[in-house]
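Read the structure below first, then the notes.
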Amino acid sequence: MKDKEKFNDMMETSNDMVYGVHAVTESLNANTGNKLYIQEDLRGKNVDAIKALATEKKVSISWTPKKTLSEMTEGAVHQGFVLRVAEFAYADLAELIAKTEGEENPLILILDGLTDPHNFGSILRTADATKVSGVIIPKHRAVGVTPVVSKTSTGAVEHVPIARVTNLSQTLDKLKEAGFWIFGTDMDGTPVHKWNTSGKLALIIGSEGKGISANIKKQVDEMITIPMDGHVQSLNAGVAAAVLMYEVFRNKL
């Protein structure tokens, strides 16, 4: 009975946990960890390093059976490490915009209705690699920061500011007021290699199935397209976002 109560206590916080070596390490470094669960029979340098980091951060450690960790993460690849964390702290939109004032050619990414946590995590990983200033997501009908997002981002979620807004249309108005040019992705538009990436940029990535919503399209200053010459005429949202982020990054070098 005690084991069942312990498991139920863990499961109640399943939406507020990260897992995997990189995600757990980054969360501990960011001081967001509350309790660390390590696979009880696990040994090696990762165990030593993460245990030492948790001790340094004064995070309690529970040695836990692999089966329990798998149940906690719903069968995901946890690598023997699960960390209970504080609720994710989204950035304030006004602060995110203000932060770009001192940056040269800042890029803010806007995800319009993205629902796949793996795509979101992948985008955050590339955003961190290409020095994107921040990411904006809607509160409704879109994925937020989940354990899967954290794991897929390999810890980038702790380094890229993410703002969550109620109204994307109003957010675009605020970005325009701050001097940002709004770009979207479409089959018909300016080829990515001809994209003028100077100035303040806000790039909208549409949802996996529907693309950019119709009302948001009306506020776009220019559509950008990724030329393709194969049988498939569309790219995964995460891949498309990566191509465009690297184009902006390349032009800064």
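Under a 5 Å amide H cut-off, with hydrogens placed 1.01 Å from N, I224 pairs with G184, T185, D186, T190 among residues at least 5 apart or on other chains.
Around the amide H of L114, modelled in the peptide plane, lie the amide H atoms of V143, all under 5 Å away and 5 or more residues distant in sequence or on another chain. Label point of K57 set 7 angstrom out along Cα-Cβ; within segment 88-127, amide nitrogens under 14 Å from it belong to 88-89. Annotation: for a label point projected 7 angstrom from Cα along Cα→Cβ of D48, residues of segment 21-36 with backbone N closer than 19 Å are 21-22, 25. Backbone geometry of segment 102-111 corresponds, through the Karplus equation with coefficients 6.51, -1.76 and 1.60 at θ = phi - 60°, to 3J(HN,Hα) couplings of x, 9, 8, 6, x, 10, 10, 9, 10, 9 Hz, x marking Gly and Pro. Protein heavy-atom surface of segment 179-251, 1.4 angstrom probe: 55% of the accessible area is carbon and sulfur, with nucleic acids and ligands not counted. Under a 5 Å amide H cut-off, with hydrogens placed 1.01 Å from N, A91 pairs with I162, A163, R164 among residues at least 5 apart or on other chains.
Bridges between two residues of the chain, per DSSP, are antiparallel at a rate of about 25%. Gain on full extension, evaluated as 0.36 nm per residue between K218 and E87 minus their Cα-Cα distance, stands at 43.7 nm. Rounded to the nearest 500, the helix-only mean residue ellipticity at 222 nm of the chain stands at -10500 deg cm²/dmol, with each DSSP H run of n ≥ 4 adding -39,500 (n - 2.57). Per residue, the accessible area of segment 93-251 comes to 46 Å², computed with a 1.4 Å probe over protein heavy atoms only. In order along segment 152-162, the phi-based Karplus estimate (6.51 cos²θ - 1.76 cosθ + 1.60, θ = phi - 60°) of 3J(HN,Hα) comes to 5, 6, 6, x, 5, 4, 7, 10, 10, x, 10 Hz; Gly and Pro are listed as x.
Membrane-span-like helices in the chain, defined here as complete DSSP H runs extending at least 20 Å along the helix axis by their C-alpha atoms with mean Kyte-Doolittle hydropathy no lower than 0.5, are 237-252; this is a sequence and geometry rule, not a statement about a membrane. Our coupling estimate for segment 195-210, obtained by passing each phi through the Karplus curve with A = 6.51, B = -1.76, C = 1.60 and θ = phi - 60°, is 6, 7, 9, 7, x, 8, 10, 10, 10, 9, 10, x, 5, 4, x, 9 Hz, Gly and Pro reported as x.
Counting only residues at least eight positions apart within a chain, or on another chain, the aspartates and glutamates with an alpha carbon under 20 Å from that of K176 are D92, E95, E101, E103, E104, D112, D221, E222.
The values are calculated or read from the model by the stated rules, or taken from the named source; none is laboratory data. These numbers were taken from a predicted model, which means no experiment stands behind them. Cβ sites come from the backbone with ideal geometry, for glycine too, and all protein chains shown count toward neighbours. In case anyone asks, the SASA skips ligands and DNA or RNA and just uses the protein heavy atoms, side chains included. Shrake-Rupley method; radii C 1.70, N 1.55, O 1.52, S 1.80 Å.
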